[in-house]
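Data block below; observations after.
The values are calculated or read from the model by the stated rules, or taken from the named source; none is laboratory data. Keep in mind that this is a model prediction, so the values were computed, not measured. Don't worry about glycine lacking a Cβ; one is built from the backbone with ideal geometry, like all the others, and counts go over all protein chains shown. Each accessible area value is taken on the protein alone, full model and side chains, heavy atoms only, with ligands, DNA and RNA left out. Shrake-Rupley method; radii C 1.70, N 1.55, O 1.52, S 1.80 Å.
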Amino acid sequence: FIKGSLVAEKEPSYLSGLNERQNEAVREKSGAILVLAGAGSGKTKVLTSRIAYLVQELGASPNEILAVTFTNKAAKEMRQRLSLYLGEPVVQKMWMGTFHSISGRILRTDISEYKDEDGKSYDNRFVIYDETDSNTILKNAVKKCNLDEKIYQPKLLKTILS
């Protein structure tokens, strides 16, 4: 609304619904913060709001944002929320995901820069298997070799291979 010559600006959507402590964490300017809170207490809201605040209010470059989560579900939720706040093109520039997905992205980005001792270079066409994938491959190998599946269990085989 306009009152005299003063214009009251609407609060950004990423700040709405925050309590006093959450708002304090989001708006902290001195650097890194630590958020300790239980399940369902709004940690994802605080983190996504903080990222939006860093980009929109403090001018942080999206490609300098690193947000590491424990699960793909949490990463997807953060990405969706930030897309609403900042737009998908901005969010695509951020480094956001699980430790493994971010590591894979770094490898795919930079792997062509590296060579082994024999001078062999690598390309970015590789797959990182998760627990389910590796178990399936080992089970199929045991079957293909006509080995006893009760003796040659994936967990044992992974231990031996490691």
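What tally of residues in region 122-144 results from selecting those that are open to solvent by less than 90 Å² (accessible area, probe 1.4 Å), among the charged types (D, E, K, R) and assigned to a helix (DSSP H, G or I)?
Going through region 122-144 one residue at a time, the tally reaches 1.
Exactly one condition in (1) open to solvent by 90 Å² or more (accessible area, probe 1.4 Å); (2) in contact with a strand residue (DSSP E or B) (Cβ under 7 Å, 6 or more places away or on another chain) is false for Lys93; which is it?
(2) is the only condition that Lys93 fails.
Quick test for you: out of Thr48, Thr69, pick the one residue that is closer than 26 Å to Glu131 by Cα and either within 18 Å of the chain's Cα centre (by Cα) or at pLDDT 90 or above (or both).
Numbers: Thr48 fails: closer than 26 Å to Glu131 by Cα.
Of Thr48, Thr69, the one residue that is closer than 26 Å to Glu131 by Cα and either within 18 Å of the chain's Cα centre (by Cα) or at pLDDT 90 or above (or both) is Thr69.
Return the residue satisfying two criteria in turn: it lies in region 96-121 and is more than 18 Å from the chain's Cα centre (by Cα) and open to solvent by 90 Å² or more (accessible area, probe 1.4 Å), and of such residues it is nearest to Ile51 (Cα to Cα).
Residues of region 96-121 more than 18 Å from the chain's Cα centre (by Cα): 110-121.
Okay, now just the ones that are also open to solvent by 90 Å² or more (accessible area, probe 1.4 Å), so 113-115, 117-118, 120.
Working: Glu113: 31, Tyr114: 32, Lys115: 36, Glu117: 41, Asp118: 43, Lys120: 40 Å.
Step by step, filter region 96-121, then rank; the result is Glu113.
Checking the structure you have, find out if any residue of region 145-153 is closer than 30 Å to Ser13 by Cβ and either in a loop (DSSP other than H, G, I, E, B) or of a type in the set (A, V, I, L, M) (or both).
For region 145-153, residues closer than 30 Å to Ser13 by Cβ and either in a loop (DSSP other than H, G, I, E, B) or of a type in the set (A, V, I, L, M) (or both): absent.
Only one residue in Leu82, Leu161, Leu147 is over 30 Å from Leu58 (Cβ atoms), open to solvent by less than 90 Å² (accessible area, probe 1.4 Å) and not basic (Lys, Arg), so which one is that? Let's see the steps before the verdict.
Working: Leu82 fails: over 30 Å from Leu58 (Cβ atoms); Leu161 fails: open to solvent by less than 90 Å² (accessible area, probe 1.4 Å).
Within the list Leu82, Leu161, Leu147, the selection yields Leu147.
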